[in-house]
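The values are calculated or read from the model by the stated rules, or taken from the named source; none is laboratory data. Given the structure is predicted, the values throughout are model-derived calculations rather than measurements. Virtual Cβ from ideal backbone geometry, glycine too; neighbours counted across all protein chains shown. SASA here: full protein model, heavy atoms, side chains in, ligands and nucleic acids out. Shrake-Rupley method; radii C 1.70, N 1.55, O 1.52, S 1.80 Å.
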Amino acid sequence: MDSTKLVAAGSWSAYWYNGAIVSSEIARGLDIFELLPSGFISQNEIDAARLIHLEYLNAQDQPKFVWPASFAVPRSYLDQLARSNGLPAARITAVRAELTRGEKLTGGERRAALTVLANQLHAEAPVAADPAKVHKLAAAVGELADAAAK
């Protein structure tokens, strides 16, 4: 290969699409990457990302993603809080246990347990290391409580 010749290659754009990363690579065409759990992303985060399905994506439209009520969403927030030390490890363990307990409940019992947990998290958020993320966690738990009532 002539090192003085300019060659166009490389990924010029990458987009998330229905649980995969699609990259437009100049020389090869499309590269499609599947996310795998690592120290940088958890299975819960991947599961939450896969909850969003689009029939069509034009990235220039910048669609707003709205996650459905799913236990994967608060668990993904907990994983993020664990990585960033946004909540004490003991509290993260306790919240994980409460989510698991709440998932096993049904109807009014599930709603009551998750509502209590959401309210506790909202109350704890102002003193957390990452208050914004704790509020998002609380909101996701609240959405699960609301879904249990339907």
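Data overview
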item: Close pairs (8 angstrom Cβ cut-off, 6 or more residues apart or separate chains): within 8 Å of ALA145 (Cβ to Cβ) and β-branched (Val, Ile, Thr) in the range 101-116, part of a helix (DSSP H, G or I) and open to solvent by less than 80 Å² (accessible area, probe 1.4 Å) anywhere; result: THR115/GLY142; THR115/ALA145
item: SER84 farther than 18 Å from LEU117 by Cβ and either open to solvent by 70 Å² or more (accessible area, probe 1.4 Å) or among the small types (Gly, Ala, Ser) (or both); result: yes
item: Residue selected from the range 19-49 under the condition assigned to a loop (DSSP other than H, G, I, E, B) and in contact with a helix residue (DSSP H, G or I) (Cβ under 7 Å, 6 or more places away or on another chain), by the criterion most open to solvent (accessible area, probe 1.4 Å); result: PRO37
item: Only listed residue being in contact with a Pro (Cβ under 8 Å, 6 or more places away or on another chain) and not basic (Lys, Arg), chosen from LEU35, LEU54; result: LEU54
item: Unique residue being open to solvent by 20 Å² or more (accessible area, probe 1.4 Å) and either farther than 18 Å from GLU45 by Cα or not aromatic (Phe, Trp, Tyr) (or both) when the list is ALA97, ALA145, ALA113, ALA125; result: ALA97
item: Inter-residue pairs, beta-carbon under 7 Å, first open to solvent by 80 Å² or more (accessible area, probe 1.4 Å) and in the range 50-71, second among the aliphatic types (A, V, I, L, M), 6+ apart; result: TRP67/ALA48; TRP67/LEU51; TRP67/ILE52; TRP67/VAL73
item: Residue within the range 72-81 that is in a loop (DSSP other than H, G, I, E, B) and open to solvent by less than 60 Å² (accessible area, probe 1.4 Å) present; result: no
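Rundown of residues vs (1) within 14 Å of the chain's Cα centre (by Cα); (2) at pLDDT 85 or above, yes/no style:
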site	(1), (2)
SER3	no, no
LEU6	no, no
ALA14	no, yes
SER23	no, yes
LEU30	no, yes
GLN43	yes, yes
ILE46	yes, yes
SER70	yes, yes
